[in-house]
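Everything below concerns the one structure shown next.
Every read-out reported here was derived from the displayed coordinates using simple, explicitly stated rules and does not represent laboratory data. Note that the structure is a prediction, hence the values are computed from the model and not measured. A quick note on method: Cβ atoms are made from the backbone with ideal geometry, for glycine too, and the neighbour counts reach across all protein chains shown.
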């Protein structure tokens, strides 16, 4: 595996946002399927559903139901076609790496749990690149020797 994404990359890839062109451009250069974990897929799906919930309560927030349904259908179609590959992880190893990252960086850099889990998963899978648009998560990935091309 060459690259591992986080949720900000997936959201940019599946819904028009500020970084969509960058995400699409990068994805179009990949020579292999986009590898993701089941945890990342769950966070992406949950985030999409949450945004449609927010929009239902206040139309100035989130995005509409049809956009959310399209995002979920598109990622599912890409999984079915093999363009996105859900890779099994050894979660005990991922959690061990996460604990090390948390102990080493959180007190001084303020990382959130899922940010740490995504970087730890990338390290566990042996990724070379980490795909994110999250500034703080970029710092963590770079500190661990991952390239952040975006």
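Table: residues versus (1) free of Cβ contacts under 8 Å to residues at least 12 places away in the same chain; (2) within 21 Å of residue 114 (Cα to Cα).
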residue	(1), (2)
26	no, no
29	yes, no
40	no, yes
45	no, yes
48	no, yes
57	yes, no
63	no, no
68	no, no
72	no, yes
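Listed here are the residues, each with its yes/no results for (1) surrounded by 20 or more Cβ atoms within 10 Å (Cβ to Cβ); (2) touching a residue at least 12 places away in the same chain (Cβ under 8 Å); (3) within 18 Å of the chain's Cα centre (by Cα); (4) within 21 Å of residue 14 (Cα to Cα).
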site: 95; (1), (2), (3), (4): no, yes, yes, no
site: 99; (1), (2), (3), (4): no, no, no, no
site: 118; (1), (2), (3), (4): yes, yes, yes, yes
site: 122; (1), (2), (3), (4): yes, yes, yes, yes
site: 126; (1), (2), (3), (4): no, yes, yes, no
